[in-house]
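What follows is a short report on a single structure.
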């Protein structure tokens, strides 16, 4: 508790795009409930806060921390461990913290190749061929930037996590529901779910939330969405559009399929799914109408980026985690 009697709240942004921060603000007037019930002591994107302020806090003095972003560099790891030490409840908030999300697609390449692409390719204006260094001696003193790790990791691959809240970003109505639950817990009107639970999401799949009709139709090819005249009532997968609904956890109210756009898997693996990509691949195989290996291969080749499709949000949290070249540089 702080001097005003409120429990402390923190939020941090590691390797991510910042969408999770925006989703919290999108709860609109509910943000006032956060202010009314918590003392926000650390939220770098929204307030002036220093790492030394957190370091000076007593261990366990922060009641609730929402940690969004994957672990890409030394700074991410340091703050993850620091906030774990200072927090009673640490929530992996959003897809990057839960599964690695888009940053983890970098796990397909060695780190030196990634840096070279960023600083030495034709799209980069770098005539002096400057490469990033972890330290630089400037006239004012030594400057340091965090060292990149060979692979991106999920939050729970670095520290112990109490709860998981998926989504890229989590839907605002789900965030509001979780905030209501925490406030009720503080008021003694409810209890927290068991440690390790997924919160702010559903127990089933996007397909169960989707109102489109599903039959036993099989397909002979996969099509890009811009090449299809979409039937608004029929399952997108059965129209040859690669939809991730069968493997993806519910909770978003099937927003994308309801807007004639395929689910891309941002809510992560459904309950009981060990490996998201393997589960989605099974669903895809179930609609392919062929027993001919050559024809099956031709149909699968209609998927332009299989790894990016099957592991778009989940590579770091999958059984694969990274390519061999990336692992070899670890």
Open item on the list: Restricting to region 252-284, count the residues that are in contact with a strand residue (DSSP E or B) (Cβ under 9 Å, 6 or more places away or on another chain), over 20 Å from residue 215 (Cβ atoms) and in contact (Cβ under 8 Å) with a residue 40 or more places away in the chain.
Closed with: 10
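Tell me the residue from 152, 159 that is buried (at least 19 other Cβ atoms within 10 Å of the Cβ) and either part of a loop (DSSP other than H, G, I, E, B) or touching a helix residue (DSSP H, G or I) at 6+ places or on another chain (Cβ under 9 Å) (or both), please. Let's see the steps before the verdict.
Values: 159 fails: buried (at least 19 other Cβ atoms within 10 Å of the Cβ).
Checking each option against the conditions leaves just 152.
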Open item on the list: Looking for something without any contact (Cβ under 8 Å) to a residue 60 or more places away in the chain and touching a strand residue (DSSP E or B) at 6+ places or on another chain (Cβ under 7 Å) - is there at least one such residue anywhere in region 152-162?
Closed with: no
Task: Subset of region 315-330 that is crowded, with 19+ Cβ neighbours inside 10 Å and closer than 15 Å to residue 72 by Cα - its residue that is farthest from the chain's Cα centre (by Cα) - done: 326
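Laboratory data are not the source of any read-out in this text; all were calculated from the coordinates shown. Keep in mind that this is a model prediction, so the values were computed, not measured. As a convention, Cβ positions derive from the backbone with ideal geometry for all residues, glycine included, and neighbour counts pool all protein chains shown.
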